[in-house]
1. From the list L49, L41, pick out the single residue that is of a type in the set (A, V, I, L, M, F, W, C) and either within 9 Å of the chain's Cα centre (by Cα) or loosely packed, with under 15 Cβ neighbours inside 10 Å (or both).
2. What number of residues within the range 1-25 satisfy the criterion of being among the charged types (D, E, K, R), within 17 Å of Q42 (Cα to Cα) and surrounded by 12 or more Cβ atoms within 10 Å (Cβ to Cβ)?
Amino acid sequence: MDQRLSLITIGVPDLAAARSFYLEGLGWTPVLDIPEAVLFLQVGPGLLLSLFDADELAKDIGPQYSAAPTVGNVRSRTTSAPLRRWTRCWTTRSTPGRSS
C-alpha cells in the first residue's frame, strides 16, 4: 500500500473567520464552499483541506477530538499578521472535554 494523504478535515471554532482568512487573506480559491457548513481547499497536488464548524463536527465525531495548529510558514512578514490572527482564533477556544 502506498503511504499518502489526500484529505485533511479540521473543525474550526469560527468557520466564517477561516473562510475569510483563506479566501480573502491568502487569496485561495475554494474547491467547494457551502457557507455555514464546509469549505474545501486544494492545498497541494492531490491534497484537500476541509474546514468544518468545530461544534458541528463534534456532533458528528464526538467531543474527544482536538486540533489546534500553532505553527505556519509564510513567505514574508507581510503575510505573517493574518497568520498570527488566525493562530489566536484557534487557540482562544477550549476543546470540548478539556479546560482552556
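We did not get these values from a lab; they are worked out from the coordinates using the rules stated. Please read all numbers here as calculations on a predicted model, not as lab measurements. Heads up, the Cβs are rebuilt from the backbone with ideal geometry, glycines too, and the neighbour counts pull from every protein chain shown.
1. Working: L41 fails: either within 9 Å of the chain's Cα centre (by Cα) or loosely packed, with under 15 Cβ neighbours inside 10 Å (or both).
Unique residue meeting the criteria: L49.
2. Step one: filter the range 1-25 for residues among the charged types (D, E, K, R), giving 2, 4, 14, 19, 24.
Among the residues that remain, those that are also within 17 Å of Q42 (Cα to Cα) are: 4, 19, 24.
Keeping just the survivors that are surrounded by 12 or more Cβ atoms within 10 Å (Cβ to Cβ) gives 19.
Adding up the residues that qualify gives 1.
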